[in-house]
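The values are calculated or read from the model by the stated rules, or taken from the named source; none is laboratory data. What you see is a predicted model, and the numbers here were worked out from it, not measured in a lab. Here Cβ is always computed from backbone atoms with ideal geometry, including for glycine, and neighbour counts include all displayed protein chains. When the accessible area is computed, the model is the full protein with side chains, heavy atoms only, and any ligands, DNA or RNA have been set aside. Shrake-Rupley method; radii C 1.70, N 1.55, O 1.52, S 1.80 Å.
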Amino acid sequence: MKFYDIFEMCFEIISTYQSKKIRMKRLQLLLLLLITQQFIFSQNNAISRFINVPRHIEHSGLVKCITVNDYSFKINKEAADTTKTVNKFFFNKRGGVIKVLNFRDAEDEPWQIIEYDNKGRVQSISRKNNDGMSLFAKQFYNNFSDQPDSLNIYRGEKRKSDQYINRFHKKLLVKQEYFTQDTLRSYNTYQYDKKNRLIKESFINTKNGWGITIGKSITGNKNEKSFYPNDDKTYEYSKIKDTTFITKTNVTPKHTYKEVTKELKTNNFYLEIKDKYDNDFLIESKHNYTSKDSIYYCSYYYKDNKKISRFYKTITKPNIQIGTWNSDVGVDQESTQIVNIDTLFDKFNNWIRKAYSTENKITQLIIREIEYF
């Protein structure tokens with residue numbers, strides 16, 4: 001079930017139940033699906049939803065620790081509003097991350113600690129609560145896969161609330177089961193081709209699975225439970241000269257969604273184009289071009305198949321970033337923003353300060369404190 005399907009259900013319910021004056025209650029329940037669906041269909045790397053991808057940690061040499069102080073400044077007519085985040089990264093002598101401390105604003109103690117094993121896999125997450133730091137999530141690994149055998153999520157130090165269990169066949173992940181309170185709620189299965197490429201993934205809801213229960217005060221008759229439908233995605237691979245094509249297809253009762261990814265890699269650059277279709281109509285296209293000294297990104301959103309309704313483009317180089325965009329309101333009006341980037345390096349040629357400014361006003365400041373072995 002996709003977002004468009006859920007919205008269509010919402011409008012159908014408003015029409016069907018209008019005479020009973022219950023449309024808002026029912027609509028709110030269905031809009032809840034929009035939030036929870038994001039987690040149901042992305043369980044493969046389940047722990048990823050609890051952590052952010054490390055940023056601003058690129059470096060050279062034997063770095064032991066990098067503390068990233070990230071300040072954002074929003075200036076209005078009354079005063080300057082400052083937001084600060086602090087993240088501290090610890091490395092081994094091979095350059096791999098072994099621990100991350102996440103801080104809020106100017107707090108002296110981290111609110112979250114992430115620990116990695118010697119293969120760079122997330123091992124545990126601890127979070128701050130009223131009693132101090134306690135274990136929030138822990139993964140248990142085999143010796144042949146980056147995927148864990150299991151992931152336990154805790155509410156309180158020792159009480160396990162959620163669990164993901166992975167099943168492997170010939171070292172490939174073929175099934176992932178999701179439990180709450182030791183009850184199987186749903187599972188995902190994975191199929192591969194002879195080159196060990198994923199060709200099909202399926203989401204299966206169980207009789208104890210996810211959905212919404214609508215009370216008889218709303219239905220006017222009896223309680224009704226609506227389960228999330230089972231879901232399949234298929235993958236196809238092809239190559240034309242040096243360009244790789246990956247097509248992901250998801251078929252629902254009312255829509256056929258396709259995502260076509262084109263990748264081209266050379267020694268000098270990397271190009272990725274990702275097009276999304278709904279019933280063969282192009283609705284979105286994203287382009288990423290990365291070379292040694294620049295990053296080009298653009299996203300286009302379409303209506304009426306190939307007519308651009310809005311877009312966003314950025315070009316980032318070491319000392320400047322240029323952004324251009326429009327909106328649904330002013331389709332023919334382009335806006336441009338130029339951000340200057342001033343960078344300071346230490347004696348080991350690792351950057352320790354980046355100031356982003358627009359119209360001679362600093363909007364973001366990143367300061368790195370680097371410790372070496």
Qualifying residue in the stretch 339-359 (condition: open to solvent by less than 60 Å² (accessible area, probe 1.4 Å), touching a His at 6+ places or on another chain (Cβ under 9 Å) and more than 29 Å from residue 266 (Cα to Cα)):
yes
Of the residues in the stretch 116-131, those that are under 20 Å from the mean Cα position of the chain (by Cα) and in a strand (DSSP E or B) come to 116, 122, 123, 124, 125
Kindly check whether there is at least one residue in the stretch 211-222 that is free of Cβ contacts under 8 Å to residues at least 60 places away in the same chain and within 27 Å of the chain's Cα centre (by Cα).
yes
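Going by what's in this entry, would residue 215 be described as on the phi < 0 side of the Ramachandran plot and surrounded by fewer than 15 Cβ atoms within 10 Å (Cβ to Cβ)?
So residue 215 fits the description; yes.
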Name the single residue, out of those in the stretch 196-212 being touching a strand residue (DSSP E or B) at 6+ places or on another chain (Cβ under 8 Å) and open to solvent by 60 Å² or more (accessible area, probe 1.4 Å), that is farthest from residue 238 (Cα to Cα).
208
Could you please let me know if residue 115 is modelled with pLDDT of 95 or more and open to solvent by 50 Å² or more (accessible area, probe 1.4 Å)?
yes
Considering only the stretch 159-171, state which residues are open to solvent by 40 Å² or more (accessible area, probe 1.4 Å) and within 15 Å of residue 149 (Cα to Cα).
167, 168, 169, 170, 171
Any idea which residue in the stretch 127-143 is surrounded by the fewest Cβ atoms within 10 Å (Cβ to Cβ), counting only those that are closer than 18 Å to residue 164 by Cα and in contact with a strand residue (DSSP E or B) (Cβ under 6 Å, 6 or more places away or on another chain)?
140
For the stretch 360-369, which positions are open to solvent by 40 Å² or more (accessible area, probe 1.4 Å) and part of a strand (DSSP E or B)?
361, 362, 363, 364, 367, 369
If you check residue 99 against the conditions, is it assigned to a strand (DSSP E or B), within 19 Å of residue 364 (Cα to Cα), among the basic types (Lys, Arg) and under 23 Å from the mean Cα position of the chain (by Cα)?
no
Return the total of residues in the stretch 262-278 being within 17 Å of residue 302 (Cα to Cα) and among the polar types (S, T, N, Q).
0
